Amino acid sequence: MRSTRRFNGWKKYVLVLAVLVLSLTLLPMAAFAEDTAAAASAVDTGDTTWIIVATVLVMFMFMPGLALFYGGLVGQRNILSTVMHSLSAFVIVTLVWVLWGYSFAFGPGVGGVFGGFEFLGFDGVGMDAKDGLTIPHLIFACYQGMFAAITTALISGGVAERIRFSAWVAFCVLWVSLVYAPMAYWAWGGGWLSKLGGLDFAGGTVVHILSGVSALVAALVVGKRRSFPNQTLPPHNLIFFMIGGMCLWFGWFGFNAGSALASGGLASLAVVTTQVAAAAGGVVWLAMEWKLRGKATLVGGVTGVIAGLVAITPAAGFVSVLSAIPIGGLASVICYWGLHVVKAKLQYDDSLDVFGIHGIGGIWGAIATGIFSSTEVNPAGADGLIHGNAAQVGIQAIDVLVAVALATVGTFVILKAISLFTPLRVTEEQELTGLDLSLHGENAYNTFEAVRSELPRPQGDFSPGGSVTAIPEMKGV
């Protein structure tokens with residue numbers, strides 16, 4: 001009886017303790033749920049879906065787009081090594097981006113010149129909305145990582161068919177960290193260039209000028225191919241080149257329209273201006289070839305399309321649809337001059353004309369943005385020259401000069417540093433053999449000559465009247 005009363009006395013204390021424990025447990029959970037709901041309410045599922053799709057489209061641009069585009073232009077002994085440049089850049093830059101690249105480019109910033117260390121290892125990069133956007137921070141970071149990867153891969157075209165693979169791997173790590181990330185922060189991450197008012201919707205300076213100028217510097221530092229210019233082999237597979245070019249065109253819609261960072265009117269404008277500029281570039285290049293050389297070529301048509309796409313990249317969300325026509329068309333005129341006049345005169349061996357298309361085209365696109373941009377099209381932009389604001393052209397020129405200077409100095413220093421530890425280019429024997437076999441131990445094609453060398457051969461005396469042994473029966477052929 002006494003034990004029962006003692007238990008009943010303790011029961012009320014047990015109940016009070018249980019209520020207290022539940023309160024301490026459930027209140028933080030409720031607060032967490034409330035915070036999660038608030039974060040979720042800031043994320044728009046439609047915008048998020050579009051940026052996920054755009055991220056995949058940008059990846060499609062260079063795997064398989066750029067890989068086939070470049071691979072079709074080189075000799076058949078070097079196609080695998082060329083494709084390996086794109087693949088290795090993709091996987092290496094992805095890891096660098098997660099570990100420190102994103103933080104360097106889009107961190108809170110240190111004095112307007114450096115992104116900082118806050119997002120190292122994607123720490124703090126979660127599923128909540130990014131800085132007033134309506135998409136998760138995580139997909140924003142991933143989308144920007146695709147830009148970093150393809151920009152790095154573009155440079156490989158300047159040194160194709162002669163750069164050592166170990167040197168290329170080291171270059172990818174250092175270049176995206178020390179050249180791309182700072183420029184991305186200055187232009188897009190809240191750095192000092194963005195405060196000047198420069199306009200770069202999707203990467204005219206950050207992507208194309210950086211990669212084009214870096215490719216030229218790399219070509220000069222690594223040196224010319226031994227066959228250049230008199231014995232350089234023609235493109236070995238123009239069908240690959242064509243397919244790759246069309247993959248680039250297709251993925252470019254994610255590249256440009258995705259830079260609106262939301263679905264809606266601005267993304268729609270970027271899709272249309274991208275298409276129109278590409279078409280104008282293709283038409284003008286074909287017309288120039290037809291007039292000047294008597295024949296319109298597949299290589300010329302695709303190259304003109306790419307030139308138009310490069311030039312519209314910084315302007316896609318700032319200009320009208322009609323403005324996209326002169327931007328794309330003049331890009332072909334200027335890039336054609338760069339390839340057939342400047343390169344021919346200076347005799348630099350930019351293997352796949354990265355500077356001629358991306359460098360020169362990117363410079364024109366940046367300046368053209370300062371000419372044609374309009375606040376009627378995008379209030380977040382600025383009026384350009386034709387709308388009464390000549391100063392915008394000057395601001396764009398500053399962006400161009402900064403990108404050229406950073407790419408030139410950064411690429412030169414990085415390559416010279418790498419050369420202290422490993423040769424930058426392959427040996428003469430490796431170059432003559434082809435980089436596919438000498439560096440990677442693979443051949444892209446089982447050619448007739450290769451197959452014939454494996455066939456059994458008749459034995460005996462092949463002179464008139466000689467005795468020849470028949471070829472043994474080949475089973476399973």
Among the candidates VAL409, VAL426, residue that is of a type in the set (A, V, I, L, M), closer than 30 Å to THR82 by Cα and buried (at least 20 other Cβ atoms within 10 Å of the Cβ): VAL426
Among the residues of segment 353-404, which ones are buried (at least 24 other Cβ atoms within 10 Å of the Cβ) and part of a loop (DSSP other than H, G, I, E, B)? SER373, GLY384
Does THR94 satisfy the condition of being in contact (Cβ under 8 Å) with a residue 24 or more places away in the chain, surrounded by fewer than 21 Cβ atoms within 10 Å (Cβ to Cβ) and in contact with a Phe, Trp or Tyr (Cβ under 7 Å, 6 or more places away or on another chain)? no
Is one or more of the residues making up segment 68-76 modelled with pLDDT of 50 or more, of a type in the set (S, T, N, Q), surrounded by 11 or more Cβ atoms within 10 Å (Cβ to Cβ) and farther than 17 Å from PHE165 by Cβ? yes
With respect to SER268, is the statement that it is at pLDDT below 95 and within 25 Å of the chain's Cα centre (by Cα) true? no
Since ILE334 meets every condition but one in (1) under 13 Å from GLY212 (Cα atoms); (2) touching a residue at least 24 places away in the same chain (Cβ under 8 Å), which condition does it not meet? (1)
For MET127, work out the one condition from (1) surrounded by 24 or more Cβ atoms within 10 Å (Cβ to Cβ); (2) in contact with a Pro (Cβ under 9 Å, 6 or more places away or on another chain); (3) not basic (Lys, Arg) it doesn't fulfil. (1)
Kindly indicate which of LEU220, LEU210, LEU199 is part of a loop (DSSP other than H, G, I, E, B) and at pLDDT 95 or above. LEU199
Pick from segment 88-122, criterion modelled with pLDDT under 95 and not in a loop (DSSP other than H, G, I, E, B), ranking: nearest to ARG164 (Cα to Cα): PHE114
Since THR427 meets every condition but one in (1) polar (S, T, N, Q); (2) touching a residue at least 12 places away in the same chain (Cβ under 8 Å); (3) over 27 Å from VAL176 (Cβ atoms), which condition does it not meet? (2)
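Please enumerate the residues belonging to segment 115-124 that are buried (at least 21 other Cβ atoms within 10 Å of the Cβ) and farther than 20 Å from VAL91 by Cα.
GLY115
For segment 126-151, give me each residue that is touching a strand residue (DSSP E or B) at 6+ places or on another chain (Cβ under 6 Å) and basic (Lys, Arg). Talk me through it step by step, then tell me what you get.
Of all residues in segment 126-151, those touching a strand residue (DSSP E or B) at 6+ places or on another chain (Cβ under 6 Å) come to 127.
Matches in segment 126-151: none.
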Select, from VAL305, VAL319, the only residue that is β-branched (Val, Ile, Thr) and outside any helix (DSSP H, G or I). VAL319
Out of curiosity, is VAL125 among the β-branched types (Val, Ile, Thr), without any contact (Cβ under 8 Å) to a residue 40 or more places away in the chain and not in a helix (DSSP H, G or I)? yes
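The values are calculated or read from the model by the stated rules, or taken from the named source; none is laboratory data. The shown structure was predicted, so the numbers you read here are calculated from the model rather than taken from an experiment. Backbone-built Cβ (ideal geometry, glycine too); neighbour counts: all protein chains shown.
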